[in-house]
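> A single structure is presented below for examination.
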Amino acid sequence: MIIETLFSIEPYSWISIGASILCGTIVGLERQLRGKPVGIRTSSLIVLGTYIFVATSALIENEVTDTSRIIGQVVTGIGFLGAGVMLAKDGAVVGVTSAATIWALAAIGVCIAVVDAFVALKFAVLVVLILYGVDLLEDYSSMFTRGVHSKYAKWRDKS
């Protein structure tokens, strides 16, 4: 009984928390293995934090509070976090994909709290497929490395 109370996190769910960490790990592992910003730790914390905020907002029921506003505020906060990973280098903006990944991670956290953990897991896999798949396309065809992407590829080769 004491152990049950000790490990109880009601009204939250250990399954949802585990799903948050797993989804963050799936996306973060891809980023970390490729040497990109937003690795496993950051990704897991973004998904977990978003889940906790949204799950907590669902618990607040009164006439004044609109729980959907919490999701809006999370999205705004995530925007600031994403802006922190972007920078300009030699006329090209880098880090936009990492910022978009942060945004997608927050959406996965919302999905865990509002929809279902298994659906969120599918979204995490989809994010990795997009991140990895587009790189495969860029390696396969020069058509995908035109415009600003060609400048970025030249900048990347300088390093």
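The values are calculated or read from the model by the stated rules, or taken from the named source; none is laboratory data. Since we're looking at a predicted model, the values are computed, not measured. Note that we place each Cβ from the backbone using ideal geometry, even for glycine, and neighbour counts take in every protein chain shown.
> Scan region 10-21 for residues that are assigned to a loop (DSSP other than H, G, I, E, B) and surrounded by 10 or more Cβ atoms within 10 Å (Cβ to Cβ) and jot them down. Even if it seems obvious, please write down each step before you answer.
Residues of region 10-21 that are assigned to a loop (DSSP other than H, G, I, E, B), as a first pass: 10-13.
Result: Tyr12, Ser13.
> Considering only residues that are surrounded by fewer than 24 Cβ atoms within 10 Å (Cβ to Cβ) and either under 17 Å from Leu131 (Cα atoms) or within 11 Å of the chain's Cα centre (by Cα) (or both), which ones fall in region 22-37?
Once the filter is applied, which keeps residues that are surrounded by fewer than 24 Cβ atoms within 10 Å (Cβ to Cβ) and either under 17 Å from Leu131 (Cα atoms) or within 11 Å of the chain's Cα centre (by Cα) (or both), region 22-37 yields Thr25, Ile26, Leu29, Glu30, Arg31, Gln32, Leu33, Arg34, Gly35, Lys36, Pro37.
> Pairs, please: C-beta under 7 Å, at least 6 apart or cross-chain, first residue part of a helix (DSSP H, G or I) and in region 126-140, second among the hydrophobic types (A, V, I, L, M, F, W, C)?
Final answer for the pair search is Val127/Val27; Val127/Ala104; Val128/Ile26; Val128/Val27; Leu137/Phe144; Glu138/Phe144.
> Of everything in region 2-13, what is over 15 Å from Phe53 (Cα atoms) and either at pLDDT 85 or above or among the small types (Gly, Ala, Ser) (or both)? Give them in sequence order. It would help to see each step written out before you state the result.
Narrowing region 2-13 to residues over 15 Å from Phe53 (Cα atoms): 2-8.
Across region 2-13, the qualifying residue is only Ser8.
> Would you check which residues across region 38-55 are surrounded by fewer than 19 Cβ atoms within 10 Å (Cβ to Cβ) and more than 17 Å from Ala120 (Cβ to Cβ) and list them?
Residue satisfying the conditions is Arg41 alone.
> Then there is this: Where residues in region 82-125 are within 22 Å of Phe53 (Cα to Cα) and assigned to a loop (DSSP other than H, G, I, E, B), which of them is modelled with the lowest pLDDT?
That would be Gly84.
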